[in-house]
Amino acid sequence: MSEVSLDANKSAQQGESEQASDNSRRKFLTVATSVIGAVGAAGAAVPFIASWQPSARAKAAGADVEVDISGLQSGQLIRVMWRSKPVWIVRRTPELLKTLSALDGQLRDPNSEAEQQPAYAQNAYRSIKEEYLVLVGICTHLGCSPQHLTDGAFTEYAEGVAEGFFCPCHGSKFDMAGRVFQGVPAPLNLVVPPYFFVDDNTILIGSDGEVA
Ligand code: FES
(Lines give C-alpha, C1' and ligand atoms only; values in the text may rest on other atoms or scores of the structure.)
Protein backbone atom coordinates (compact mmCIF):
# COMPACT_ATOMS: atom_id res chain seq x y z
CA MET A 1 0.00 0.00 0.00
CA SER A 2 2.72 2.37 1.02
CA GLU A 3 4.81 1.19 -1.92
CA VAL A 4 1.85 1.86 -4.15
CA SER A 5 1.47 5.23 -2.58
CA LEU A 6 5.19 5.98 -2.98
CA ASP A 7 5.11 4.90 -6.60
CA ALA A 8 2.00 6.93 -7.13
CA ASN A 9 3.71 9.98 -5.60
CA LYS A 10 6.80 9.30 -7.64
CA SER A 11 4.84 8.94 -10.82
CA ALA A 12 2.80 12.04 -9.97
CA GLN A 13 6.04 13.99 -9.43
CA GLN A 14 7.46 12.55 -12.63
CA GLY A 15 4.31 13.58 -14.48
CA GLU A 16 4.47 17.12 -13.11
CA SER A 17 8.13 17.40 -14.05
CA GLU A 18 7.45 16.15 -17.62
CA GLN A 19 4.53 18.53 -17.94
CA ALA A 20 6.70 21.42 -16.74
CA SER A 21 9.32 20.41 -19.26
CA ASP A 22 6.66 20.18 -22.02
CA ASN A 23 5.32 23.60 -21.05
CA SER A 24 8.78 25.08 -21.07
CA ARG A 25 9.53 23.51 -24.50
CA ARG A 26 6.22 24.75 -25.85
CA LYS A 27 6.95 28.21 -24.47
CA PHE A 28 10.37 28.18 -26.09
CA LEU A 29 8.93 27.06 -29.39
CA THR A 30 6.25 29.74 -29.20
CA VAL A 31 8.81 32.45 -28.44
CA ALA A 32 11.20 31.16 -31.08
CA THR A 33 8.43 31.00 -33.65
CA SER A 34 7.30 34.52 -32.78
CA VAL A 35 10.83 35.89 -33.12
CA ILE A 36 11.38 34.12 -36.43
CA GLY A 37 7.98 35.35 -37.58
CA ALA A 38 8.86 38.92 -36.64
CA VAL A 39 12.23 38.72 -38.39
CA GLY A 40 10.53 37.17 -41.40
CA ALA A 41 7.93 39.93 -41.47
CA ALA A 42 10.61 42.59 -41.12
CA GLY A 43 12.60 40.95 -43.91
CA ALA A 44 9.52 40.83 -46.12
CA ALA A 45 8.69 44.46 -45.33
CA VAL A 46 11.94 45.82 -46.78
CA PRO A 47 11.21 45.12 -50.44
CA PHE A 48 7.56 46.00 -49.84
CA ILE A 49 8.39 49.44 -48.40
CA ALA A 50 10.97 49.92 -51.13
CA SER A 51 8.21 49.32 -53.66
CA TRP A 52 6.25 52.27 -52.21
CA GLN A 53 9.00 54.66 -53.21
CA PRO A 54 8.51 56.02 -56.75
CA SER A 55 11.17 54.59 -59.06
CA ALA A 56 13.51 56.87 -60.99
CA ARG A 57 11.59 55.88 -64.09
CA ALA A 58 8.26 56.85 -62.50
CA LYS A 59 9.74 60.17 -61.35
CA ALA A 60 11.03 60.79 -64.87
CA ALA A 61 7.61 59.90 -66.31
CA GLY A 62 6.06 62.74 -64.29
CA ALA A 63 8.88 65.22 -64.77
CA ASP A 64 8.84 68.44 -66.76
CA VAL A 65 10.52 68.26 -70.16
CA GLU A 66 12.86 70.94 -71.42
CA VAL A 67 13.00 71.22 -75.20
CA ASP A 68 15.62 73.01 -77.26
CA ILE A 69 13.75 74.62 -80.16
CA SER A 70 16.73 76.47 -81.62
CA GLY A 71 16.82 74.10 -84.62
CA LEU A 72 13.08 74.14 -85.29
CA GLN A 73 12.52 75.71 -88.69
CA SER A 74 9.42 77.59 -89.76
CA GLY A 75 6.78 75.06 -90.84
CA GLN A 76 8.33 72.16 -88.91
CA LEU A 77 6.92 70.02 -86.11
CA ILE A 78 8.85 68.17 -83.44
CA ARG A 79 7.53 65.49 -81.11
CA VAL A 80 8.64 64.95 -77.53
CA MET A 81 7.29 62.69 -74.81
CA TRP A 82 5.90 64.19 -71.61
CA ARG A 83 4.25 62.04 -68.94
CA SER A 84 4.14 59.18 -71.44
CA LYS A 85 2.16 61.32 -73.89
CA PRO A 86 3.29 62.70 -77.26
CA VAL A 87 3.59 66.48 -77.30
CA TRP A 88 3.95 68.40 -80.55
CA ILE A 89 5.75 71.68 -80.93
CA VAL A 90 5.00 73.36 -84.26
CA ARG A 91 6.63 76.49 -85.58
CA ARG A 92 3.85 77.97 -87.65
CA THR A 93 4.54 80.17 -90.66
CA PRO A 94 3.15 83.73 -90.76
CA GLU A 95 1.06 82.66 -93.80
CA LEU A 96 -0.51 79.79 -91.89
CA LEU A 97 -1.31 82.03 -88.92
CA LYS A 98 -3.25 84.36 -91.24
CA THR A 99 -5.52 81.50 -92.36
CA LEU A 100 -6.65 80.41 -88.89
CA SER A 101 -9.38 82.98 -88.24
CA ALA A 102 -11.07 82.12 -91.56
CA LEU A 103 -11.85 78.64 -90.20
CA ASP A 104 -13.85 79.78 -87.17
CA GLY A 105 -17.22 79.01 -88.81
CA GLN A 106 -16.23 75.37 -89.38
CA LEU A 107 -15.07 74.71 -85.84
CA ARG A 108 -16.87 73.41 -82.79
CA ASP A 109 -15.13 75.62 -80.22
CA PRO A 110 -13.30 78.36 -82.18
CA ASN A 111 -12.76 80.56 -79.12
CA SER A 112 -11.41 77.74 -76.94
CA GLU A 113 -14.12 78.13 -74.34
CA ALA A 114 -13.81 74.54 -73.08
CA GLU A 115 -11.01 74.11 -70.57
CA GLN A 116 -8.55 72.40 -72.85
CA GLN A 117 -5.72 74.89 -72.35
CA PRO A 118 -4.14 77.07 -69.65
CA ALA A 119 -5.53 80.63 -69.47
CA TYR A 120 -2.45 82.03 -71.25
CA ALA A 121 -3.28 79.90 -74.31
CA GLN A 122 -6.95 80.84 -74.50
CA ASN A 123 -6.52 83.14 -77.47
CA ALA A 124 -6.85 83.05 -81.25
CA TYR A 125 -3.62 81.05 -81.66
CA ARG A 126 -3.95 78.90 -78.53
CA SER A 127 -0.36 79.67 -77.64
CA ILE A 128 1.95 81.96 -75.69
CA LYS A 129 3.85 83.09 -78.79
CA GLU A 130 1.80 83.11 -82.00
CA GLU A 131 4.45 81.25 -83.92
CA TYR A 132 4.86 78.29 -81.57
CA LEU A 133 2.03 75.85 -81.04
CA VAL A 134 2.38 73.31 -78.21
CA LEU A 135 -0.19 70.51 -78.09
CA VAL A 136 -0.72 67.11 -76.51
CA GLY A 137 -0.92 64.91 -79.61
CA ILE A 138 -3.85 62.77 -78.45
CA CYS A 139 -7.27 62.84 -80.09
CA THR A 140 -10.04 63.92 -77.73
CA HIS A 141 -12.34 61.21 -79.06
CA LEU A 142 -10.78 57.91 -77.98
CA GLY A 143 -7.12 58.72 -77.64
CA CYS A 144 -5.45 57.90 -80.97
CA SER A 145 -2.61 60.13 -82.08
CA PRO A 146 -3.60 62.23 -85.11
CA GLN A 147 -1.37 62.72 -88.17
CA HIS A 148 0.07 66.07 -89.17
CA LEU A 149 -0.88 66.58 -92.82
CA THR A 150 0.92 69.32 -94.74
CA ASP A 151 1.39 70.67 -98.25
CA GLY A 152 -2.24 70.34 -99.26
CA ALA A 153 -2.68 66.78 -97.96
CA PHE A 154 -5.26 67.98 -95.45
CA THR A 155 -7.59 69.31 -98.21
CA GLU A 156 -8.80 65.75 -98.73
CA TYR A 157 -10.47 66.04 -95.31
CA ALA A 158 -11.20 69.77 -95.14
CA GLU A 159 -11.78 71.53 -98.40
CA GLY A 160 -9.50 74.49 -98.97
CA VAL A 161 -7.45 73.84 -95.81
CA ALA A 162 -3.88 72.89 -96.70
CA GLU A 163 -2.60 71.82 -93.30
CA GLY A 164 -4.07 70.28 -90.17
CA PHE A 165 -4.24 67.23 -87.96
CA PHE A 166 -6.25 64.21 -89.03
CA CYS A 167 -7.11 61.28 -86.77
CA PRO A 168 -7.38 58.13 -88.90
CA CYS A 169 -9.15 56.14 -86.17
CA HIS A 170 -12.60 57.71 -86.72
CA GLY A 171 -11.93 60.72 -88.92
CA SER A 172 -11.65 63.64 -86.49
CA LYS A 173 -10.01 66.78 -87.82
CA PHE A 174 -8.22 69.65 -86.08
CA ASP A 175 -6.78 72.89 -87.43
CA MET A 176 -3.28 74.19 -86.85
CA ALA A 177 -4.29 75.58 -83.46
CA GLY A 178 -5.60 72.14 -82.42
CA ARG A 179 -9.24 73.27 -82.72
CA VAL A 180 -11.69 70.53 -83.63
CA PHE A 181 -13.85 70.76 -86.74
CA GLN A 182 -17.61 70.35 -86.56
CA GLY A 183 -19.24 67.06 -87.61
CA VAL A 184 -16.49 64.72 -86.34
CA PRO A 185 -16.53 62.35 -83.34
CA ALA A 186 -13.93 64.25 -81.25
CA PRO A 187 -15.87 66.52 -78.88
CA LEU A 188 -13.13 68.92 -77.83
CA ASN A 189 -10.09 70.82 -79.03
CA LEU A 190 -6.71 69.18 -78.51
CA VAL A 191 -5.16 69.85 -75.11
CA VAL A 192 -2.52 72.54 -74.67
CA PRO A 193 -0.25 71.38 -71.82
CA PRO A 194 1.19 73.79 -69.25
CA TYR A 195 4.44 75.25 -70.60
CA PHE A 196 6.58 78.34 -70.68
CA PHE A 197 9.59 79.77 -72.47
CA VAL A 198 12.72 79.46 -70.36
CA ASP A 199 14.41 81.64 -73.01
CA ASP A 200 13.94 82.26 -76.74
CA ASN A 201 15.29 78.82 -77.63
CA THR A 202 13.95 76.69 -74.81
CA ILE A 203 10.47 75.56 -73.86
CA LEU A 204 9.72 73.80 -70.60
CA ILE A 205 6.69 71.52 -70.82
CA GLY A 206 4.85 70.55 -67.63
CA SER A 207 4.85 73.78 -65.60
CA ASP A 208 3.33 77.22 -65.81
CA GLY A 209 6.19 79.66 -65.52
CA GLU A 210 6.58 83.31 -66.04
CA VAL A 211 5.32 83.93 -69.55
CA ALA A 212 8.25 85.22 -71.66
S1 FES B 1 -9.83 58.45 -81.64
FE2 FES B 1 -9.58 60.08 -83.02
S3 FES B 1 -11.42 60.08 -84.12
FE4 FES B 1 -11.70 58.48 -82.70
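The values are calculated or read from the model by the stated rules, or taken from the named source; none is laboratory data. What you see is a predicted model; the values in this text were computed from it and never measured. Please note: Cβ atoms are built from the backbone with ideal geometry, for glycine as well, and neighbour counts cover all protein chains shown.
Comparison of V161, V136, V180, V192 shows that the only residue that is in contact with a Lys or Arg (Cβ under 9 Å, 6 or more places away or on another chain), more than 17 Å from L77 (Cβ to Cβ), surrounded by 17 or more Cβ atoms within 10 Å (Cβ to Cβ) and β-branched (V, I, T) is V180. For region 112-164, the set of residues classified as under 27 Å from the mean Cα position of the chain (by Cα), within 15 Å of the ligand (Cβ to nearest atom) and among the small types (G, A, S) consists of G137, G143, S145, G164, listed by residue number. Just to check your reading of the model, which residue among V46, V80 is surrounded by fewer than 10 Cβ atoms within 10 Å (Cβ to Cβ) and either over 23 Å from the mean Cα position of the chain (by Cα) or modelled with pLDDT of 95 or more (or both)? Step by step, each of V46, V80 is checked, and only V46 is surrounded by fewer than 10 Cβ atoms within 10 Å (Cβ to Cβ) and either over 23 Å from the mean Cα position of the chain (by Cα) or modelled with pLDDT of 95 or more (or both). The combined condition, being more than 29 Å from D199 (Cβ to Cβ) and touching a Phe, Trp or Tyr at 6+ places or on another chain (Cβ under 8 Å), is not fulfilled by F165. Please work out which residue is nearest to I203 (Cα to Cα), limiting yourself to region 105-125 and to residues that are of a type outside the set (S, T, Y) and in contact with a Lys or Arg (Cβ under 7 Å, 6 or more places away or on another chain). Per the criteria, the residue is Q117.
In the set Y125, Y157, Y195, which member is within 17 Å of V80 (Cα to Cα), in the same structural domain as S70 (by TED's automatic domain parsing), in contact with a Leu (Cβ under 9 Å, 6 or more places away or on another chain) and not small (G, A, S)?
Selected residue: Y195, the only one of Y125, Y157, Y195 that is within 17 Å of V80 (Cα to Cα), in the same structural domain as S70 (by TED's automatic domain parsing), in contact with a Leu (Cβ under 9 Å, 6 or more places away or on another chain) and not small (G, A, S).
The set of residues from region 64-85 being in a strand (DSSP E or B) and either under 14 Å from L133 (Cα atoms) or of a type in the set (K, R) (or both) comprises V67, L77, I78, R79, V80, K85.
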